[in-house]
Amino acid sequence: QAKLGGRNRSCFFTARMNEEAETRLKIEGELRRAVGTDQLFLNYQPLVEVRTGRVLGMEALLRWKNPELGNMPPDRFISQAETSGLIVPIGRMVLQSACRAARGWVDAGHAHIRVCVNVSPRQFQDAAFLEDVRAALSASGLPATNLELEITEGLLLAERAEVDSVLNTLESMGVQLSIDDFGTGYSSLSYLERYPFDTLKIDRSFMIGMLERHERKVLVETIVAMANGLGLKVIAEGVETSEQLAHLDAINCDIAQGYLFSRPVPEAEAVHLLARNFLL
Ligand code: C2E
Ligand code: MG
Ligand code: MG
Ligand code: MG
């Protein structure tokens, strides 16, 4: 078998690998230059109370518009920002900008609105992370209870004592904590009792075919029941149809997020969504 492809085949793979490495380098270089410019900015997507349609919060989602590379989706650059360490200054800017926007919403009369900010493992483990959170809160004047940090299960595999201490400090500051993309990572249910989470976000992959596939339906119902039993709020991501929403309501899932209500929108439009108050 190995002989079959011969020389040409290995050349082919080498060329392709080079091309991929080059693209990665290109992305990293451009990203490095983009930090601190308006190429990087946030969109916001509402989190909605299932029973009433009321907007409870907004998730800040990073966008990158590069003159050469075009609109780069986060799935194509966040992991690289993570490995290169660029996520640290980028994440700092995300925190600053999300807290400033949310302070504006609070001032406009939406005192209960929460802003949810994604934090990647590398950023969370940076020595200055807690300082970055404190600085973003104090610069914006946003109450800590209006900030929710979303972390993924991957972080919980890291050095236990460090993670414990940072999570506990955040909790004591009044910052809300949620587990993002629940059910896709290296799930260990024990961390649900070990760590001070307020909210569990069911990964959006569970919504696809949820109503048609018995197993998936059972998994979602079970996750919701478990979260409710533990006193955690539960958010379903990726809700696209009113049938999905009706089902989520029937199984007592509190909060939903998805294209059914709104795509992620620029800050100026987020204000209008908030002013409507109810999105159903
Ligand atoms: P996530 O935190 O799980 O965010 C939800 C993703 O699902 C967003 O993708 C959102 O646009 C998408 N989404 C929401 N509702 C629907 C729906 O109904 N249908 C479909 N098909 N998709 C929906 P997005 O904005 O492309 O972000 C992808 C991921 O990139 C995020 O997943 C998050 O892990 C990461 N990310 C985004 N912004 C940041 C950031 O500021 N910092 C860090 N560390 N990661 C970020
Ligand atoms: Mg998220
Ligand atoms: Mg998520
Ligand atoms: Mg997700």
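The values are calculated or read from the model by the stated rules, or taken from the named source; none is laboratory data. Fair warning: this is a prediction, and the values are worked out from it, not measured in the lab. Heads up, the Cβs are rebuilt from the backbone with ideal geometry, glycines too, and the neighbour counts pull from every protein chain shown. In case anyone asks, the SASA skips ligands and DNA or RNA and just uses the protein heavy atoms, side chains included. Shrake-Rupley method; radii C 1.70, N 1.55, O 1.52, S 1.80 Å.
Do the conditions hold for L142, that is, is it under 21 Å from A102 (Cα atoms), over 18 Å from the mean Cα position of the chain (by Cα), more than 14 Å from ligand 2 (Cβ to nearest atom) and assigned to a loop (DSSP other than H, G, I, E, B)? Yes: the conditions hold for L142. Evaluated against (1) closer than 25 Å to G53 by Cβ; (2) of a type in the set (A, V, I, L, M, F, W, C); (3) loosely packed, with under 14 Cβ neighbours inside 10 Å, V224 falls short on exactly one condition, (3). Against the list (1) away from ligand 3 (no atom under 14 Å from the Cβ); (2) open to solvent by less than 40 Å² (accessible area, probe 1.4 Å); (3) in contact with a helix residue (DSSP H, G or I) (Cβ under 7 Å, 6 or more places away or on another chain), the condition L192 fails is (3). Regarding the range 150-168, can at least one residue be identified that is more than 21 Å from Y195 (Cβ to Cβ) and open to solvent by 10 Å² or more (accessible area, probe 1.4 Å)? No - not one qualifying residue is present in the range 150-168. For A111, the conditions (1) within 16 Å of ligand 2 (Cβ to nearest atom); (2) loosely packed, with under 15 Cβ neighbours inside 10 Å; (3) closer than 30 Å to C253 by Cα all hold with the exception of (1).
Counting the residues of the range 169-209 that are more than 16 Å from ligand 4 (Cβ to nearest atom) and acidic (D, E) gives 3. Considering (1) under 23 Å from F129 (Cβ atoms); (2) within 12 Å of ligand 1 (Cβ to nearest atom); (3) assigned to a helix (DSSP H, G or I); (4) not aromatic (F, W, Y), the lone condition that L192 does not fulfil carries the number (2). Of the set (1) more than 30 Å from H247 (Cβ to Cβ); (2) at pLDDT 95 or above, all apply to L56 but (1).
Among the criteria (1) assigned to a helix (DSSP H, G or I); (2) touching a residue at least 40 places away in the same chain (Cβ under 8 Å), the one L280 does not fulfil is (1).
Filtering the range 78-108 to residues that are assigned to a loop (DSSP other than H, G, I, E, B) and surrounded by fewer than 18 Cβ atoms within 10 Å (Cβ to Cβ) leaves G85, A108. The single condition among (1) in contact with a helix residue (DSSP H, G or I) (Cβ under 9 Å, 6 or more places away or on another chain); (2) in contact (Cβ under 8 Å) with a residue 60 or more places away in the chain that A158 does not satisfy is (2). Residues that are assigned to a helix (DSSP H, G or I), over 16 Å from the mean Cα position of the chain (by Cα) and not β-branched (V, I, T) are absent from the range 54-64. Inclusion of S172 among residues that are part of a helix (DSSP H, G or I), within 16 Å of ligand 3 (Cβ to nearest atom) and open to solvent by 20 Å² or more (accessible area, probe 1.4 Å) is not warranted.
Across the range 210-249, what is the total count of residues that are assigned to a loop (DSSP other than H, G, I, E, B), within 16 Å of ligand 4 (Cβ to nearest atom) and farther than 24 Å from R114 by Cβ? Total meeting the criteria: 1. When the range 250-275 is filtered for residues that are in a loop (DSSP other than H, G, I, E, B) and surrounded by fewer than 14 Cβ atoms within 10 Å (Cβ to Cβ), the ones remaining, listed by number, are Y259, R263.
When F206, F197 are checked against the criterion of being open to solvent by 10 Å² or more (accessible area, probe 1.4 Å), under 24 Å from L170 (Cα atoms) and within 16 Å of ligand 2 (Cβ to nearest atom), F197 stands alone in meeting it. Count of the range 127-147 residues, restricted to those that are touching a Leu at 6+ places or on another chain (Cβ under 7 Å) and either more than 14 Å from L170 (Cβ to Cβ) or among the β-branched types (V, I, T) (or both), is 1.
Only one of the listed residues (S178, S138) is under 19 Å from G91 (Cα atoms) and open to solvent by 50 Å² or more (accessible area, probe 1.4 Å). That residue is S138.
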